[in-house]
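The values are calculated or read from the model by the stated rules, or taken from the named source; none is laboratory data. Note that this is a predicted model, so its numbers are computed, not measured. With ideal geometry, Cβ positions are generated from the backbone for all residues, glycine too; neighbour counts draw on all protein chains shown.
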Amino acid sequence: MDKNWSMLAVEIARGQDMPPSLLPVDVFADRLHAALDGGGWDIQSINDLGNRLFREGTYAHATACYRVVVKDPRAFGAQANLGRCEIRLGQASAAEARARALLDQHPDLLPAWQLLTDALVVQERLAEALEASRHAAELSPGQIMLVHQWAMLAERVQDHEAAAEAFARLWELDRSDLRSLRMLVFYRRSICQWQDLDHLGRLLLETIDRLPEHIAPFEFLSEPATAAQQFAYAGCLASWIEERASQKPIAVKRNVSIDAGALRVGFLSHGFGPHPTTLLTSALFEQLRHSRLEIHLFSTRENAVDHSACKRLAAAVHAFHDLSCRPQREIAECIQAHDVEILVDLDGYCRGRKPTVFAYRPAPVQAGWLAYPGTTGARFMDYVMADRFVLPPSLQPYFSEKVAYLPRCYQSTDPGRKVGIPPSRKTCGLPATGVVYACFNASYKFNPRSMTRMLQVLKEVPGSVLWLLRGEGRSSEQLQQAAQVAGVVPSRLVFMDKLPHHAYLARYRHVDLFLDTEDYNAHTTASDALWAGCPVLTRPGDTFASRVAGSLNHHLGMPEMNAADDAAFVMKAVRYGRDAGYRAAIKAKLLKQRLTSGLFDMQGFARDFESLLWRMAEHRRAGKLPETFES
């Protein structure tokens, strides 16, 4: 009978009452070599035993086998497996050296590229690992596992170009892989690679409508999804979250301590730190410091407390709780232990979110506000705080929450920011003369419809330029190509690198008009522009995410900057560029309205905000269920 790995294992363990994997490593190695000296064992049997020990997790024992096998220079698989053992034994640098030595001799050796990828990942050299994984995937393009690793690494390093390419490959290999289609659409949009994107986007929406699953609704805010579709997607995810939380609920706290003269309110966010949420809320919390609200901030952002903006927040509120790196159930228990009566979600389904915290019901009243422009679709959220422009009655059926209306624009801001003096136009890359249009929205918010409008404006206003924020990957080149196709000289698109907030805000002094995007328009960016004295032209749509800039204009007292359709958008932007008198009148009105309209009045906002929170609390204290509160 042919000898095999099991017979070799028996010989190694002869005289022992234990399998070879339980022998001390040095004893195992001695027994292995003694058995080999007896002859008759082929390389395959030794390799098979090593593989068996590897699967059992006894990597040092497997290493002893592989070290024998790799004496045969053709044993490439054993070389790779030996490297994998080294990684698991904390010797990633040795595994990397082994992989590179193999590649020096055999540049197209797939197991060596896979080993190199694994070794680099363990060393947290993710950019290098991404390139190695790409090589592996290209050597065997039909292996989904290899392409999947490439895609996952591209996501981890936020290489949007690589991610778009990898997910396109995954989608080609498996047309039933809905996640790959979702990510393909998202990453192509983020790099403004619009070829076939309309078709892929429609296919994505049709597929999800037919086969609902728990997906991230944030990804669909920049898609042409209807409010009804956004509601359905959010509800599907909320149900999944609620089901997970119900499997291990937190202990129910029957009564929350109530003080008739004070109201304890908590705000949970991943955005406390270098994030727009902090920018928008700091002045509000400072105004509320001496109100009847006792405010607790619960931060889930790592190292947030070390940031200067966070120190400002901490100084403005009663307590700042660092809950980063904690499980969501533990966060919920901590919030509940602080007797919070109203818990406000500042994240919703944005990235870095912790929605399961709310599914545990740590507070009697739970409300969403500010960061996420849509519904959570969740039964565990009682209210969404909004204004009647951004969430008109026509949208209420597509929100699971009752609407708590503020009498002013729902978005707070910081009117204490100074708008500095920018560098010269030449230094900014702008021409010495001519109208400057701008759109500093993130690249994923752009689409052919928005760009077509902007380029039409440039064509009809000679000497004008469009100033854009440099986006992900090759998005700038893609936009320049779109300009070329539309008959606009690509150099009329000027790109600005991401800058510190004060430097970015100062650049608005060079901008004549901000041109907004569809279907996800400017939010914090629109507020920035208006505060800096730059008018914003937008076309309010039929979803919350497409109506924020319109709400800012409405409450600023400048409804003329809200266009009814694309034709009106282009007409208004062209008139603004061609008519210097009209341009001066609009800017003068903005400067006046900025001071008198109440949009940037944080004292007034704080009063309204506090009043609305008290109304929620008193409604609950009276034993009533949540209901829509008119402003």
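Here are the numbers for this structure:
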item	result
Some residue of the range 564-571 being within 33 Å of the chain's Cα centre (by Cα), touching a residue at least 40 places away in the same chain (Cβ under 8 Å) and surrounded by 23 or more Cβ atoms within 10 Å (Cβ to Cβ)	yes
Residue selected from the range 606-627 under the condition of a type outside the set (Gly, Ala, Ser) and touching a helix residue (DSSP H, G or I) at 6+ places or on another chain (Cβ under 8 Å), by the criterion nearest to ARG379 (Cα to Cα)	PRO626
Given (1) charged (D, E, K, R); (2) under 22 Å from MET561 (Cβ atoms); (3) surrounded by fewer than 15 Cβ atoms within 10 Å (Cβ to Cβ), index of the condition LYS498 fails	(2)
Failed item in (1) surrounded by 18 or more Cβ atoms within 10 Å (Cβ to Cβ); (2) more than 14 Å from ALA154 (Cβ to Cβ); (3) not polar (S, T, N, Q), with GLY142 passing the rest	(1)
Condition check for ALA363: in contact (Cβ under 8 Å) with a residue 24 or more places away in the chain, assigned to a strand (DSSP E or B), within 25 Å of HIS275 (Cβ to Cβ) and out of contact with any Pro (no Cβ under 7 Å at 6 or more places or on another chain)	no
Any hit, the range 536-547, residues being of a type in the set (Lys, Arg), touching an Asp or Glu at 6+ places or on another chain (Cβ under 8 Å), in contact (Cβ under 8 Å) with a residue 24 or more places away in the chain and over 30 Å from LEU263 (Cβ atoms)	yes
Test set (1) closer than 30 Å to TYR504 by Cβ; (2) over 23 Å from the mean Cα position of the chain (by Cα) - SER257 fails condition number	(1)
Residues (farther than 12 Å from GLU518 by Cα, hydrophobic (A, V, I, L, M, F, W, C) and either in contact with a strand residue (DSSP E or B) (Cβ under 8 Å, 6 or more places away or on another chain) or touching a residue at least 40 places away in the same chain (Cβ under 8 Å) (or both)) located in the range 548-562	LEU552, LEU556, MET561
Number of the exception - HIS199 against (1) closer than 25 Å to ASN441 by Cβ; (2) buried (at least 20 other Cβ atoms within 10 Å of the Cβ); (3) modelled with pLDDT of 90 or more	(2)
Qualifying position, being at positive phi and either surrounded by fewer than 19 Cβ atoms within 10 Å (Cβ to Cβ) or not hydroxyl-bearing (Ser, Thr, Tyr) (or both), among GLY50, GLY77, GLY57	GLY57
Those helices (runs of 4 or more DSSP H) lying entirely in the range 24-129 with at least 1 residues closer than 30 Å to ARG156 by Cβ and touching a residue at least 24 places away in the same chain (Cβ under 8 Å)	43-55, 59-69, 76-88, 92-105, 110-122
Of all residues in the range 188-220 being in a loop (DSSP other than H, G, I, E, B) and in contact (Cβ under 8 Å) with a residue 60 or more places away in the chain, the one that is nearest to ASP347 (Cα to Cα)	ALA216
Checking LEU237 against (1) surrounded by fewer than 20 Cβ atoms within 10 Å (Cβ to Cβ); (2) in contact (Cβ under 8 Å) with a residue 12 or more places away in the chain, the condition it does not meet	(1)
When residues of the range 319-354 are limited to those that are buried (at least 21 other Cβ atoms within 10 Å of the Cβ) and either among the acidic types (Asp, Glu) or not assigned by TED's automatic domain parsing to the domain that holds LEU288 (or both), the one farthest from VAL384 (Cα to Cα)	GLU341
